[in-house]
1. Name the residues in segment 60-78 that are in contact (Cβ under 8 Å) with a residue 12 or more places away in the chain and either open to solvent by 50 Å² or more (accessible area, probe 1.4 Å) or part of a loop (DSSP other than H, G, I, E, B) (or both), would you?
2. Looking only at segment 13-27, which residues are over 17 Å from the mean Cα position of the chain (by Cα) and either within 18 Å of MET87 (Cβ to Cβ) or free of Cβ contacts under 8 Å to residues at least 24 places away in the same chain (or both)?
3. Does GLY149 satisfy the criteria of being without any contact (Cβ under 8 Å) to a residue 60 or more places away in the chain and in contact with a helix residue (DSSP H, G or I) (Cβ under 8 Å, 6 or more places away or on another chain)?
4. Would you please name the residue that is surrounded by the fewest Cβ atoms within 10 Å (Cβ to Cβ), looking only at residues in segment 137-169 that are of a type in the set (Asp, Glu) and farther than 19 Å from ARG11 by Cβ?
5. Name the pairs whose Cβ atoms lie under 6 Å apart, with the first residue in segment 152-180 and within 14 Å of SER124 (Cα to Cα), the second surrounded by 13 or more Cβ atoms within 10 Å (Cβ to Cβ) and of a type in the set (Phe, Trp, Tyr), and 6 or more positions between them or separate chains?
6. Only one of these conditions is not met by ILE133: (1) over 23 Å from GLN173 (Cα atoms); (2) without any contact (Cβ under 8 Å) to a residue 40 or more places away in the chain; (3) not acidic (Asp, Glu). Which number is it?
7. May I ask you to list the residues in segment 99-118 that are open to solvent by 70 Å² or more (accessible area, probe 1.4 Å) and modelled with pLDDT under 95?
8. Condition first: closer than 19 Å to LYS128 by Cα and within 19 Å of the chain's Cα centre (by Cα). Now tell me which residues in segment 146-160 satisfy that.
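The values are calculated or read from the model by the stated rules, or taken from the named source; none is laboratory data. Quick caveat, the model's predicted, so the values are computed rather than measured. Virtual Cβ from ideal backbone geometry, glycine too; neighbours counted across all protein chains shown. For the accessible areas, the whole protein counts, side chains as well, though only heavy atoms, and no ligand, DNA or RNA atoms are used. Shrake-Rupley method; radii C 1.70, N 1.55, O 1.52, S 1.80 Å.
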Amino acid sequence: MSIAVIYGSTRPNGNTETLTKQAVGNIEVDSIYLNDFNINSIEDKRHDEEGFPIVEDDYDAVLSRMMQHDMVIFATPIYWYSMSGQMKNFVDRWSQTMKDARFKDFKERMSYKKAYVIAVGGDSPYIKGLPLIQQFTYIFDFFGLSFEGYIIGEANKPGDIYKDQQAISAAEQLRKKLISL
């Protein structure tokens, strides 16, 4: 089973990345750092006769990488009770992809994937991060992705994630599960 990790943080080596790397360990994954790419926000043209225009940015390249894998781990800091802006731009563009003739089977192909979410926040994330998990649940339901689980971690300053032994333990359990696949 091949795995893509979509990192939505703007901070290299931040708490979300640290926790995610605890989860994937030495497993070979395709690490996709959204902050390294230019992904424009969606311009909603769903109802326009000409439809969505082709956008000259890095979105198609990132999407193509993700589509090569059987499992996707979405790793994002919790920003204002939701995913990061980078992650949201990427997911929002899926609306455009569903209308793009180049990706006519996008929704069906997504339904064969498995997904996990790893999210880290600093303000009571075990409660306040639940809207983010619910948001991903609805997204995955829409596409028919199998939502395999999530990890929420609590951290604010760099390195704080190591203080959250519950999250570290959950990451270790996920790593064991991924190794057994």
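1. ALA61, ARG65, GLN68, HIS69, ASP70, ILE78
2. If the condition is that a residue be over 17 Å from the mean Cα position of the chain (by Cα) and either within 18 Å of MET87 (Cβ to Cβ) or free of Cβ contacts under 8 Å to residues at least 24 places away in the same chain (or both), then ASN26 is the only one that fits.
3. Yes; evaluated as a whole, the condition is true for this residue.
4. Across segment 137-169, the extreme among qualifying residues is ASP141.
5. Pairs found: ILE152/TYR126.
6. (1)
7. LYS99, ALA101, ARG102, LYS104
8. Selection gives GLY149, TYR150, ILE151, ILE152, GLY153, GLU154, ALA155.
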